[in-house]
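Peer 1: My questions all concern the structure below.
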Amino acid sequence: MKSICIYCGSRTGNYPDLMPMAYQVGEQIAKAGHTVVYGGANVGLMGQVADGALSQGGRVLGVIPQLIFDFEVAHEGITELHHVDNMHQRKLKMMELSDAFIALPGGFGTMDELNEIITWRQIKLHDKPIAILNHNGYYDHYLEFLKVSVKAGLISQAHLDMLIVSDSIETILAQL
């Protein structure tokens, strides 16, 4: 394992433990000797993951589309910042740069990235591990929805079983 893609929110959220959790994720990935690949922003949980990794001397690769770069939220202190034309190119580039994926709490963008990388694995565009950091039960309802989808016969149990789910970044890193 060399590089781990982190999907997470560009907002700070309303819970005081979210930002420190994201920072710790970055720290733990860097301490384990892995590179962080993420969306390239300096705001919200994304910025905290990058800053946490950088605080430990870690390598951080950001991938940012021009539209978001124009909002002036690009993290200028990271190791490499890749500019792409659009969100589709961003997701592809992040996949190409990464050996594994971890979803932290986030909004529509995080869910889009997570579901797409799961779909890409399901249709064999990659065979890289995917994990969900279920911090304080954030993904409980999503995981329940997936179980309902399995029961309905719309998702196979094998595809659900390919996901690594834990509330601990240390456990996830050990399983990757």
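Every number here is computed from the coordinates shown, using simple stated rules; none is lab data. A quick note: this is a predicted structure, and the numbers were derived from the prediction, not measured. Cβ coordinates were reconstructed from backbone atoms using ideal geometry, including for glycine residues, and neighbour counts include every protein chain displayed.
Peer 1: Quick check on my link table: of 31/147; 91/124; 31/91; 91/151; 2/124, which ones sit more than 23 Å apart, alpha carbon to alpha carbon? Walk me through the numbers before you get to the answer.
Peer 2: Values: 31/147 34 Å; 91/124 16 Å; 31/91 25 Å; 91/151 30 Å; 2/124 21 Å.
Those over the limit are 31/147; 31/91; 91/151.
Peer 1: Something else now. Pairs of alpha-carbon atoms within less than 8 angstrom and 6+ residues apart define the contacts here; what relative contact order does the chain have, in percent?
Peer 2: On the way: 334 pairs, mean separation 37.5, N = 176.
Dividing the mean separation by the residue count of the chain yields 21 percent.
Peer 1: Related question: Per-residue counts of other Cβ atoms within 10 Å, averaged by peptide: what ranking do you get for 81-90, 163-172, 18-27, highest first? Before the final figure, lay out the partial values.
Peer 2: Values: 81-90: 15.2, 163-172: 16.8, 18-27: 21.2.
The most tightly packed comes first, giving 18-27, 163-172, 81-90.
Peer 1: Divide the volume of the convex hull of the Cα atoms of the chain by its number of residues and quote the answer in cubic angstrom per residue.
Peer 2: Details: hull volume 18.4 nm³, N = 176.
Once divided by residue count, the hull of the chain is 105 Å³.
Peer 1: In degrees, nearest 10, range 0 to 90: what is the angle between the Cα axis of helix 44-55 and the longest Cα principal axis of the chain?
Peer 2: It works out to around 60 degrees.
Peer 1: Segment 98-162: which trypsin sites (Lys or Arg not before Pro) are DSSP loop and have at most 14 other beta-carbon atoms within 10 angstrom? Could the numbers behind the result be given before it?
Peer 2: Details: sites: 121, 124, 147, 151; in loops: 124.
For trypsin sites (Lys or Arg not before Pro) across segment 98-162 that sit outside H, G, I, E and B with at most 14 neighbouring Cβ atoms in 10 Å, the list reads 124.
Peer 1: Also: Restricting to bridges with both residues inside the chain, how much of the DSSP beta-bridge set is antiparallel, in percent to the nearest 5? Provide the component values of the computation, followed by the final result.
Peer 2: On the way: 1 of 23 bridges.
Close to 5 percent.
Peer 1: Roughly what angle does helix 87-97 make with the longest principal axis of the chain, taking Cα atoms, 0 to 90 degrees, to the nearest 10?
Peer 2: Once rounded, one gets 90 degrees.
Peer 1: Go ahead and run the numbers for FRET between residue 56 and residue 148, Cβ-Cβ distance against an R0 of 45 Å, rounding to 0.05. Intermediate values should be presented prior to the final figure.
Peer 2: Numbers: r = 40 Å, r/R0 = 0.88.
Plugging the Cβ-Cβ distance into 1/(1 + (r/R0)^6) gives 0.70.
Peer 1: Right, here's the next one. Multiply the residue separation of residue 115 and residue 17 by 0.36 nm, subtract the distance between their alpha-carbon atoms, and state the gained length in nm to one decimal.
Peer 2: Working: separation 98, 0.36 × 98 = 35.28 nm, distance 2.48 nm.
Full-extension gain reported as 32.8 nm.
Peer 1: Taking the Cα atoms only, what angle lies between the long axis of helix 108-122 and the longest principal axis of the chain, rounded to 10 degrees?
Peer 2: The answer is roughly 60 degrees.
Peer 1: Within segment 93-113, find all residues whose amide N lies under 12 Å from a label point positioned 7 Å from the Cα of residue 3 along Cα-to-beta-carbon.
Peer 2: Inside the label zone: 93-100.
Peer 1: If I build a Gaussian network model for the chain, linking alpha-carbon pairs within less than 10 angstrom, which residue out of 127, 51, 99 has the largest mean-square fluctuation?
Peer 2: In the Gaussian network model the winner is 127.
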